[in-house]
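J.: Structure in structure tokens, see below.
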Amino acid sequence: MSQERYNPQAIEEKWQARWQKEKPFACTHQSNKPKYYVLEMFPYPSGNIHMGHVRNYSIGDVVARFKRMQGFNVLHPMGWDAFGLPAENAAIKHGVHPAQWTYANIDNMRAQLQRLGYSYDWPREVATCRPEYYRWEQLFFLRLLEKGLVYRRKAPQNWCPSCHTVLANEQVIDGLCWRCDSRVEQKDLTQWFLKITAYGDELLDDLARLEGGWPERVIAMQRNWIGKSLGAEVVFGLEKSFDGVDSLSVFTTRPDTLFGVTFMTLAPEHPLVEHLVQGYEKADEVRAFVERIRHMDRLDRQSDTLEKEGIFTGAYAVHPLTGERIPLWLGNFVLADYGTGAVMGVPSGDQRDFEFARKYGLPIRVVVQPQAVSLDPDSMTEAYTAPGIMVNSGQFDGMDNEEGKKAVTALLQSQGKGKATTQFRLRDWNISRQRYWGAPIPVVYCESCGVVPEKEENLPVTLPLDIKVRDDGRSPLPETPSFVQCTCPRCGKPARRETDTMDTFVESSWYFARYTDARNASAPFDPAALAYWLPVDQYIGGVEHAILHLLYSRFFTKVLRDFGYFPANVAEPFTNLLTQGMVLKDGGKMSKSKGNVVDPTEMIQKYGADTVRLFCLFAAPPERDFDWSDSGIEGASRFLARVWRLFTESQGYLLPLAACAATADDTDSPEARELRRKEHLTVKKAGEDMGDRFQFNTAIAAVMELVNTMYLTRERLCQSERGKRVFSSAMATVLTLLSPITPHLSEELWTQLGHEAPLSDQPWPQWDAAATIQDSITVALQVNGKLRGTLSIAANADKATMEAAALADASVQRHIGQLTVRKVVVVPGKLVNIVAN
RNA sequence: GCCGGGAUGGUGGAAUUGGUAGACGCAGCGGACUCAAAAUCCGCCGGGUUCACGCCCUUGCGAGUUCAAGUCUCGCUCCCGGUACCA
């Protein structure tokens, strides 16, 4: 056995070499064991892993290793989200091809991950930029096209001038590009859209299935983003018809206030505006207003400090129930792309309408007011939006307004002037990107046939690699004749290939399923493998993907299920989600510009992978942010050296393998009983913390306590053979409990204990309740709820005995003094509280 | 505004079902070992008060429920995240 001091580098190299050679973590779906699929969000191959990756993957690796020891058949794969803009930017900057840059980064980062000893099933590795991967995505695109779930549309799009591409709504954060923070502009373009809105209801409703498994806030964020509103569409007639258009629809969540409509407001972009102003003497003023609002910066226009402005169009609508004339206004606060782009104005029931009416002197009519209170339109200072009773509403007077929503809608429906409807905030997903380094969209444009999907047998449409990246950042594809020039799959005439590529979020929307059968060259998935592995049991990643990636993956899961690729019973991709916090430094995000980056590679060189893993897990519970601490990692390193020393310095105490299984018979001394008890309690706690609660920090703390106890008791304990047996058993337990966290150190010492089979193949230890029982326990003594002492008493003492012992306690007596004891509360095993006054 | 989360020593954080608040670590202080230092080992470590035993206070603030509240209820403050003229 070795007496050397702890040398992580040598140990880790040895075990990693073995894992790479023997691939002990590869798995198959042909197994009798229960399955467990644990997945961490795959990285973009940016060049080097950072501490956030280390934290993310260390958490996943503990779960994977722990579940394996618990007897599960564990799938724990890794791959690369390899398409994307940084590769093109690097190409411009360094003159290397995006593919070369990407593959080099993958090789480098794979080595870094292997240097951390993660137990991945490497044979399943995928890289989304390989044709063997994206060809299936192109197949899905063709299916989506067949089913009408992808379509082309010209509309104003989010355009990032710095990335030279459009962005999905989800990729615009506060008006800025999610990647480069440039101000996003609006640009009219024809683009490909995935019809995610067709799944709006299901995406919303199925959030209920995720409760308990997903963090509340992620569910709430998705709910907000989908933004479903129940209400009614109301059709107002137009006083004069324009080009055969004689009505104007609005969406409202408050049909109960329909009788309070005194005006209507349209978005300046509303298509009817030019018609409405025809013949109006102030038409030019209206046009000027429209132009001014249109050219306002989008961010400024959305700011909440923007003053409400409007202008009368000269035209009138007709109220569907009362036949009143309703003036039509334009308003800068009305959004063209939500609802119908027009709203009914009810100043008494909507604060915006109230302000608008006050500003422009429009009438206010109260239609809902609190019970037994009369609201006066002239003296009101704000709209009344709370529940109430309907008034001034014809036949609906006196009705509760909630009921009124349904009643008014029903009446409108019966007259063909409206219907119940829902609106979503969610928009269809623009997946076109004007970029080179992405998956080609498999369609061609033919002069005679129009837009034609590529034939399935012609897939993949391979992204050409023999291109020259342009210095201005624009895609080279449109000027790559070998790619653009093609033949029409339908008529065989020359045609032009689509040069936009797909949003890289498409690749990451289904990768978790491809891992189940990653090398399949004839189909995207093997149904048997999918049926076995899906859904992912535990998904782990950053909360920054709470909307983007997680929403898209949920959408794809439902689509691929409906297409028959996924099993019919798989509704959601990720049963449980853990969103880990960020690794900060000096209270802020690590960034090159701030110069506060802690490089994992350096840390591994200095302390070893086990220490880095241990510290990342010990510093804080996984979902919380934590601040990197240089002295903190010293502490983690110290602990592992302490375990190593405890082992190597105890050579004379550690028994040969066969003799080290301790039993209750061996606890012939108080130290032995205490250590054995501590050992079993630690097994219990570590198992619960790692497996059920994902509180790795407290699991580690418990093992530290066990190690501390071993240090303190080993001299006295190991005087006897039986004591040595208890000590040896505890040592083996320490190594086992730590093995998911610090696998190299654990395996190494396990081997030195004389074991042939690796520790990773051992079952997770059982704890014996009998071993945790104590003869005597300490209970708290309280008088009137305040702690006044403690009492050592037989663990099985009954209530009467505890009460008597408590009352006999000197400190308790002193505090009772002259008071009369009114009541004694006895909690067996815990405390005695004496109530006296 | 709405939705979600949070606030505990010098510090990161424990306290799982309401039952001895501060586990474990970091930093600090004291001691042992050493020519010395590092490393290591042992001890102390919320605040006030006391020679001491103790006593009082303490989980953002204020009420309440309870024999007992960091934990439950109500009302606030502040911080973080999401979302928003969404009709």
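J.: Residues of the stretch A:488-505 with amide nitrogen under 16 Å from the 7 Å Cα-to-Cβ point of A:CYS449?
T.: Taking a point 7 Å out along Cα→Cβ of A:CYS449, the residues of the stretch A:488-505 whose backbone N falls under 16 Å are A:488-498.
J.: Okay, moving on. To the nearest 0.05, how large is the calculated FRET efficiency for A:GLU479 and A:LEU335 if R₀ is 35 Å and r is the Cβ-Cβ distance?
T.: Step by step, r from the Cβ atoms, then E = 0.35.
J.: Would you please name the GluC sites (Glu not before Pro) within the stretch A:704-763 that are DSSP coil residues with at most 12 other C-beta atoms within 10 Å of their C-beta?
T.: Passing both the DSSP loop test and the Cβ count: A:GLU756.
J.: Does anything in the stretch A:279-300 have its amide N under 15 Å from the 7 Å Cα→Cβ label point of A:ASP174, and if so which residues?
T.: A:299-300
J.: In chain A, what percent of the accessible surface is made up of carbon and sulfur (1.4 Å probe, ligands and nucleic acids excluded)?
T.: Values: 17800 of 36160 Å².
Carbon and sulfur atoms account for 49 percent of the accessible area of chain A.
J.: Would you mind working out the magnitude of the charge dipole of chain A relative to its Cα centre, with +1 at each Lys and Arg C-beta and -1 at each Asp and Glu C-beta, to the nearest 20 Debye?
T.: 1180
J.: Follow-up. Assuming 0.36 nm per residue, please report the length gained on full extension of the stretch A:GLU324 to A:GLU309 beyond their Cα-Cα distance.
T.: Full extension from A:GLU324 to A:GLU309 adds 3.0 nm.
J.: Using 0.36 nm per residue of separation minus the Cα-Cα distance, give me the extension gain between A:ALA780 and A:GLN186 in nm, one decimal.
T.: That works out to 207.0 nm of additional length.
J.: Please calculate how many Å² of accessible area chain A carries per residue, with a 1.4 Å probe and no DNA, RNA or ligand atoms counted.
T.: 43
J.: Which of the chymotrypsin sites (Phe, Trp or Tyr not before Pro) found in the stretch A:327-387 are loop residues per DSSP with 16 or fewer other Cβ atoms within 10 Å of their Cβ?
T.: Sites meeting the loop and neighbour criteria: A:TYR338.
J.: State the answer as a single residue: which of A:ILE106, A:THR611, A:VAL184 lies farthest towards the positive end of the charge dipole of chain A, with beta carbon charges of +1 for Lys and Arg and -1 for Asp and Glu, about the Cα centre.
T.: Checking the options against the dipole of chain A, the answer is A:THR611.
J.: Does the stretch A:432-512 come out rounded, prolate or oblate, given a ≥ b ≥ c as the square roots of the eigenvalues of its C-alpha gyration tensor, rounded meaning a/c under 1.5 and, failing that, prolate meaning a/b above b/c?
T.: Note, shape of the stretch A:432-512 comes out oblate.
J.: Further, regarding this structure: Tell me which residues come under 5 Å, amide H to amide H, from A:THR421 once H is placed; ignore anything under 5 positions away on its chain.
T.: Residues meeting the amide H criterion: A:GLY231, A:ALA232, A:GLU233.
J.: What is the packing order of peptides A:45-52, A:362-369, A:250-257, A:174-181, taking the mean over residues of other C-beta atoms within 10 Å and listing the highest first?
T.: Ranking the peptides A:45-52, A:362-369, A:250-257, A:174-181 by packing returns A:250-257, A:362-369, A:45-52, A:174-181.
J.: Per residue of the stretch A:795-809, in order, report the coupling 6.51 cos²θ - 1.76 cosθ + 1.60 (Karplus, θ = phi - 60°) as ³J(HN,Hα) in whole Hz, putting x for Gly and Pro.
T.: Computed from phi, the couplings for the stretch A:795-809 are 4, 9, 4, 7, 4, 4, 4, 4, 4, 4, 5, 5, 5, 7, 5 Hz.
J.: Restricting to DSSP H runs of at least four residues, report the calculated mean residue ellipticity at 222 nm for chain A, -39500 (n - 2.57) per run over all residues, nearest 500 deg cm²/dmol.
T.: Working: 27 runs with 300 residues, N = 837.
Computed ellipticity for chain A at 222 nm equals -11000 deg cm²/dmol.
J.: Compute the Cα gyration tensor for chain A, then decide on rounded, prolate or oblate, letting a ≥ b ≥ c be the square roots of its eigenvalues: rounded whenever a/c is under 1.5, prolate when a/b is larger than b/c in the other cases, and oblate in all that remain.
T.: Details: a/c = 2.72, a/b = 1.46, b/c = 1.86.
Oblate, since a/c reaches 1.5 and b/c is not below a/b.
J.: So, one more: Largest first, what is the accessible-area ranking of A:LYS417, A:LYS14, A:LYS585 with a 1.4 Å probe?
T.: Numbers: A:LYS417 70, A:LYS14 100, A:LYS585 35 Å².
My answer, sorted largest first, is A:LYS14, A:LYS417, A:LYS585.
J.: Here is a further query. Which value, in debye to the nearest 20, describes the size of the charge dipole of the stretch A:528-659 about its Cα centre when Lys and Arg Cβ atoms bear +1, Asp and Glu Cβ atoms bear -1, and nothing else is charged?
T.: Once rounded to the nearest 20, the dipole reads 80 debye.
J.: Run the quick spin-label model on A:SER593 and A:ALA10: label points 7 Å from Cα toward the beta carbon, then report their separation in nm to one decimal.
T.: 4.6
J.: Would you kindly find the accessible area of A:TYR133, with a 1.4 Å probe and non-protein molecules such as ligands, DNA and RNA excluded, rounding to the nearest 10 Å²?
T.: 10
J.: Which FRET efficiency value, to the nearest 0.05, do you get for A:ARG130 and A:ASP798 by plugging their Cβ-Cβ distance into 1/(1 + (r/R0)^6) with R0 = 41 Å?
T.: For R0 = 41 Å, the calculated efficiency reads 0.05.
J.: Can you list the residues of the stretch A:768-805 with backbone N under 16 Å from a point 7 Å past the Cα of A:ARG822, pointing along Cα to Cβ?
T.: Inside the label zone: A:783-786.
J.: Calculate the translational D of the stretch A:218-296 in whole µm² s⁻¹ from Stokes-Einstein, where the hydrodynamic radius comes from the Kirkwood formula applied to all Cα pairs, the temperature is 4 °C and the viscosity 1.567 mPa s.
T.: Details: Rh = 15.4 Å.
The calculation lands on 84 µm²/s.
J.: Tell me which residues come under 5 Å, amide H to amide H, from A:ASP627 once H is placed; ignore anything under 5 positions away on its chain.
T.: So A:ASP627 has HN proximity to A:LEU584.
J.: Check A:ALA315: other-chain or 5+ apart residues with amide H under 5 Å from its amide H, H built from backbone geometry?
T.: It is A:LEU328, by chain and number.
J.: Could you calculate the FRET efficiency of A:ALA521 with A:ASN48 from 1/(1 + (r/R0)^6), where r is the beta carbon distance between them and R0 is 30 Å, rounded to 0.05?
T.: Taking R0 as 30 Å, the efficiency between A:ALA521 and A:ASN48 is 0.40.
J.: Something else now. Given N residues in the stretch A:674-727, what is Rg(Cα) / (2.2 N^0.38 Å)?
T.: 1.26
J.: Kindly identify the stretch A:242-345 as rounded, prolate or oblate by the Cα gyration tensor criterion: order the square roots of the eigenvalues as a ≥ b ≥ c, call it rounded if a/c is under 1.5, otherwise compare a/b with b/c, prolate if a/b is larger, else oblate.
T.: oblate
J.: Please work out, to two decimal places, the log10 of the ratio I(q)/I(0) at q = 0.12, 0.17, 0.18, 0.22 Å⁻¹ from a Debye calculation in which every Cα of the stretch A:422-564 carries one identical scatterer.
T.: For the stretch A:422-564 at q = 0.12, 0.17, 0.18, 0.22 Å⁻¹, log10 I(q)/I(0) is -0.67, -1.14, -1.20, -1.34.
J.: Counting only DSSP beta bridges with both residues in chain A, what percent are antiparallel, rounded to the nearest 5?
T.: Numbers: 75 of 98 bridges.
Antiparallel bridges: around 75 percent, rounded to the nearest 5.
J.: Further question: If you average the alpha carbon positions of the stretch A:45-68 and of the stretch A:126-200, how far apart do those two centres end up, in angstrom?
T.: 29
J.: Please go through the stretch A:450-482 and write out the trypsin sites (Lys or Arg not before Pro) that DSSP classes as loop and that have at most 12 other C-beta atoms within 10 Å.
T.: A:LYS455, A:LYS468
J.: Positive end of the charge dipole of chain A (Lys, Arg +1 and Asp, Glu -1 on Cβ, about the Cα centre): tell me which of A:MET344, A:TYR532, A:TYR44 has its Cα farthest that way.
T.: My answer, from the dipole projection, is A:TYR532.
J.: Once label points are set 7 Å from the Cα along Cα→Cβ at both A:SER241 and A:ALA528, what is their separation, rounded to one decimal in nm?
T.: So the two model labels end up 6.6 nm from each other.
J.: Next up: At a Cα cut-off below 30 Å, give the lysines reachable from A:LYS685, other chains included and same-chain residues fewer than 8 away excluded.
T.: A:LYS33, A:LYS35, A:LYS67, A:LYS724, A:LYS786, A:LYS799, A:LYS830
The values are calculated or read from the model by the stated rules, or taken from the named source; none is laboratory data. Every value quoted in this text rests on a predicted model; they were computed, and no experiment measured them. For neighbour counting, all protein chains shown are included, and Cβ atoms are generated from backbone atoms with ideal geometry for every residue, glycine included. Just so you know, the surface numbers come from the protein's heavy atoms only, side chains and all, with ligands and any DNA or RNA stripped out. Shrake-Rupley method; radii C 1.70, N 1.55, O 1.52, S 1.80 Å.
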